[in-house]
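What follows is a short report on a single structure.
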C-alpha cells in the first residue's frame, strides 16, 4: 500500500466515518450459486454520506498487468492526505464483457476493504468464479526451459498462444523474487521474438514480388520448428499465409504443408 507522508487526519476521519457506516446490503442475486451479495451500488450507498460528512473521497481507475486486471483505489481526505492500493484478479477470458465484470468485481471489493465495510459474509462464491485454467507440469517445464535457453521465437511460439489464466498461474507458481525476474525475462524475449517475426513477415511480403528473395525465405521457414511455423502462420494472417504456402510449394515441393492449416 502507498500513503502520503502523514495519514493522521485521514485515519481520524475514517474512524469517525466507520462509526456511522453500516454493512452493505446484500441485494444482488448470484445466478450461478443462487445466493445474494452486496453489489457495488450498495457499497457506495453505505459510504457516501459518512464519507462526505468527514471529508473523505475516493477514486478508482482500471489497471492491467501480467497478473490480470483490476483497479487502483485511492482514499483521500480534504487535508490532502491519502492512501492507495491495487487489487488485481486473473483474467480468464479475453473479451470486453469479462474484463468489465472483473473490474466491477474488483471495484466492489477494493472499495469495501478500503472503507472497512462489513457484510454478513464475504462473497467467496464469486471469487471461485474467477479461477481459470491451471498450467500443466509439462507447460511449466517448457516455460522454464525456454526462458533459460530458448530462442526468442521459440519462446513466443510457446507463450503467446497460452490462455491468460495459464500465464498468470505459471508466474504465481514461483516466489515473488523469482516471479519479478521471470516477468522481465518474458518481456525481453517477447519483444525480441515478435520483432523477428515482424521482420520475417515483411520479408515474405517483399518476396511475393521479388524472386531473388524467395530462396532465402524458404530456408528461413525450413529452419523453424513446428511450433514456430504454426505460430508464424497465424501471425501473418490467412491471405499472406496462403500466398506463402503456394510460394513454398513452388520452391520446395511439399514444404508448404509444414506451415499448417490452423
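Quick rundown of the values:
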| read-out | value |
| --- | --- |
| Cβ-derived FRET efficiency at R0 22 Å, residue 148 paired with residue 184, nearest 0.05 | 0.95 |
| For peptides 174-182, 55-63, sequence by mean Cβ density within 10 Å, most packed first | 55-63, 174-182 |
| Extension gain, residue 162 back to residue 85 (0.36 nm per residue minus Cα-Cα distance, nm) | 24.8 nm |
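Bear in mind these aren't lab numbers, they're just calculated from the coordinates by the rules spelled out. What you see is a predicted model; the values in this text were computed from it and never measured. Here Cβ is always computed from backbone atoms with ideal geometry, including for glycine, and neighbour counts include all displayed protein chains.
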